[in-house]
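Student: Dropping a structure here in C-alpha cells format, bear with me for questions.
Every read-out reported here was derived from the displayed coordinates using simple, explicitly stated rules and does not represent laboratory data. Owing to the predicted nature of the structure, the values given are computational and were not obtained by experimental measurement. Neighbour counts run over all protein chains shown; Cβ positions are idealised from the backbone, glycine included.
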Amino acid sequence: KTRRDACRFYTEALRGIPEVRIPKIDFANVTPFIFYIRVPADQRDDFRAYLGEHGVDTGLHWQPGHAFKYLANCRKGDLSVTDRAGDELVTLPLHSDMPREWQERVVDAVGGFFARAPKRARAAGGRG
C-alpha cells in the first residue's frame, strides 16, 4: 500500500464525521508526505491528547507565515482565515507501507473523540 492509498482511506473513512474537515483532493497527482485534517480550534488540544492516549501520534506541521518572528513586519491586515486554519490543522500518521490496521486505529480514535464531544461542537464542522 502507498501513502496515496492511506490518504484515500482516511478521506473516505473520516468523511462522515461532521467536525472533521478533510482535504478536497483525490491524491491522483501528488505524493503526500503528510495527511492533515481540520478540527474545531477549541477542541484541538483535547483531540490531540485523546488520540495520544489511544496510541495515535499527531502533529502540527503548519503555522501561518506571519506568526514567525522573521515575518512579523510583513503584510498587515485581516488574516483571520489564515489564523483559523493554523489553529485547526492537525496531521495524522502517514507512512509508506502503513498497515490498514493502523489506519483503522487512527480513524477509530478520531471518531471516538468526536462521539464523546459535546453536541454544540458537532454542529460547527464542515469540509475543506
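Student: Restricting attention to segment 24-81, which residues are in contact with a Leu (Cβ under 9 Å, 6 or more places away or on another chain) and farther than 28 Å from Met98 by Cα?
Tutor: Across segment 24-81, the qualifying residues are Pro64, Gly65, His66.
Student: Let me ask something additional. Which one is surrounded by the fewest Cβ atoms within 10 Å (Cβ to Cβ), of the residues in segment 75-115 that are part of a helix (DSSP H, G or I) and hydroxyl-bearing (Ser, Thr, Tyr)?
Tutor: It comes out as Ser80.
Student: Cβ-Cβ distance below 9 Å, separation of 6 or more or different chains: which pairs start in segment 1-12 with a residue that is under 16 Å from Lys24 (Cβ atoms) and end on one that is acidic (Asp, Glu) and exposed (fewer than 15 other Cβ atoms within 10 Å of the Cβ)?
Tutor: Once the first residue is under 16 Å from Lys24 (Cβ atoms) and sits in segment 1-12, its partners that are acidic (Asp, Glu) and exposed (fewer than 15 other Cβ atoms within 10 Å of the Cβ) give Arg8/Asp26; Thr11/Asp26.
Student: Right, next: Being under 24 Å from Glu12 (Cα atoms) and touching a Phe, Trp or Tyr at 6+ places or on another chain (Cβ under 8 Å) narrows it down to one of Gly52, Gly86, Gly59, so name that one.
Tutor: Just one listed residue meets the conditions, Gly86.
Student: Would you check if Lys1 is in contact with an Asp or Glu (Cβ under 9 Å, 6 or more places away or on another chain), part of a loop (DSSP other than H, G, I, E, B) and either acidic (Asp, Glu) or surrounded by fewer than 18 Cβ atoms within 10 Å (Cβ to Cβ) (or both)?
Tutor: yes
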